[in-house]
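The values are calculated or read from the model by the stated rules, or taken from the named source; none is laboratory data. This is a predicted model, so every value here is computed, not measured. Please note: Cβ atoms are built from the backbone with ideal geometry, for glycine as well, and neighbour counts cover all protein chains shown. Just the protein is used for accessible areas: all its heavy atoms, side chains included, with ligands, DNA and RNA removed. Shrake-Rupley method; radii C 1.70, N 1.55, O 1.52, S 1.80 Å.
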Amino acid sequence: MTKRVVVIASGSTEQETLPHMLRHLATEDITIDLPVLIPPGHHDVRGRLVEKLVLSAWFGRHPRPDKFVVSKDADGKDPQEVGDQLREELARSKIADRVTAPILVTIAKWHLEAWFFADVPGLRDYLGRDIGSVDVSDPDAVVNPKHILKSLLREPYTAAVSREIAERLSCADLGRRSRSFRELEAALRNGRPARQEGTEDVSAR
């Protein structure tokens, strides 16, 4: 039976790109219920806005989603601290009293661009050039990968460019090299995954 998952993310770049980065999950009977939801007005992913997005999808989409997964970029901050704050905000909202589907929170220190560096051949194919001296032994540890990516591109970095890069990647292999991408995959696959760094089911509280 196909599991319908609503993903909540930071902005238009994630909205454009994440469906392509997660396309391999379709073979596992997991459907990303599009569109990926994002806060209005370029606001940060905070508890009150997540609550509104979850409630809108829960009462407005039919059939109802089987699960919600929040994917947030910590922008270089400590993922555990950022995640704890968001989970506390959601706990205070009492959203679990109104929505019976699991709501999982995943946090990455750096988001999409760090994941791009988990597949150097695919990224190189898109760029049409080598990536230079970037140390990609641990993609999650690349500091400010968005800045590095912009310096490698021959065009402005837009949501459309991000989507085109994702289309070139071997997304099924990203989890082997990126811990944070693997945590996102685990949240999408499992209703209540074992607790990992950066991942927790808010509705289990």
- Note on the structure: Scanning segment 74-99 for residues that are without any contact (Cβ under 8 Å) to a residue 12 or more places away in the chain and among the polar types (S, T, N, Q) gives Q85
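Consider K67 carefully, then state whether it is closer than 22 Å to T100 by Cβ, surrounded by 15 or more Cβ atoms within 10 Å (Cβ to Cβ) and at pLDDT below 95. Even if it seems obvious, please write down each step before you answer.
Details: closer than 22 Å to T100 by Cβ: yes; surrounded by 15 or more Cβ atoms within 10 Å (Cβ to Cβ): yes; at pLDDT below 95: no.
It is false that K67 is closer than 22 Å to T100 by Cβ, surrounded by 15 or more Cβ atoms within 10 Å (Cβ to Cβ) and at pLDDT below 95.
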- Message: Condition first: assigned to a helix (DSSP H, G or I), touching a strand residue (DSSP E or B) at 6+ places or on another chain (Cβ under 7 Å) and at pLDDT below 90. Now tell me which residues in segment 156-205 satisfy that.
- Response: V202, S203
- Query: Of all residues in segment 140-155, how many are in contact with a Leu (Cβ under 9 Å, 6 or more places away or on another chain) and outside any helix (DSSP H, G or I)?
  - Reply: 2
- Task: Taking the options P156, P139, name whichever one is over 21 Å from V5 (Cα atoms) and open to solvent by less than 40 Å² (accessible area, probe 1.4 Å).
- Result: P139
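A quick yes/no check of all residues on (1) under 16 Å from the mean Cα position of the chain (by Cα); (2) surrounded by 15 or more Cβ atoms within 10 Å (Cβ to Cβ); (3) farther than 20 Å from P102 by Cβ:
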| position | (1), (2), (3) |
| --- | --- |
| H20 | yes, yes, yes |
| V45 | yes, yes, no |
| L49 | no, yes, no |
| W58 | no, yes, no |
- Task: Report yes if D125 is in contact with a helix residue (DSSP H, G or I) (Cβ under 9 Å, 6 or more places away or on another chain), over 27 Å from D44 (Cβ atoms), among the charged types (D, E, K, R) and open to solvent by 10 Å² or more (accessible area, probe 1.4 Å), otherwise no.
- Result: yes
- Message: Looking only at segment 161-176, count every residue that is in contact (Cβ under 8 Å) with a residue 40 or more places away in the chain and open to solvent by less than 10 Å² (accessible area, probe 1.4 Å) and tell me the total.
- Response: 6
- Under 7 Å by Cβ, and 6 or more places apart or on different chains, what pairs join a residue from segment 131-149 that is over 18 Å from T106 (Cβ atoms) with one that is outside any loop (DSSP other than H, G, I, E, B) and open to solvent by 60 Å² or more (accessible area, probe 1.4 Å)? I131/R124
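Restricting to helices (runs of 4 or more DSSP H) lying wholly in segment 1-113: which have 3 or more residues that are touching a strand residue (DSSP E or B) at 6+ places or on another chain (Cβ under 6 Å) and closer than 22 Å to N144 by Cα? Show your work before the answer.
Values: elements: 12-21, 47-60, 79-93.
The helices (runs of 4 or more DSSP H) meeting that bar are 79-93.
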- Query: Of the conditions (1) of a type in the set (S, T, N, Q); (2) more than 15 Å from the chain's Cα centre (by Cα); (3) outside any loop (DSSP other than H, G, I, E, B), S133 fails just one. Which one is it?
  - Reply: (3)
- Item | First in segment 4-21 and in contact (Cβ under 8 Å) with a residue 12 or more places away in the chain, second anywhere and open to solvent by less than 10 Å² (accessible area, probe 1.4 Å) and of a type in the set (D, E, K, R), Cβ under 8 Å, 6 or more apart | R4/K67; V5/K67; V6/K67
- Please find, among K109, K94, the residue that is at positive phi and open to solvent by 20 Å² or more (accessible area, probe 1.4 Å). K94
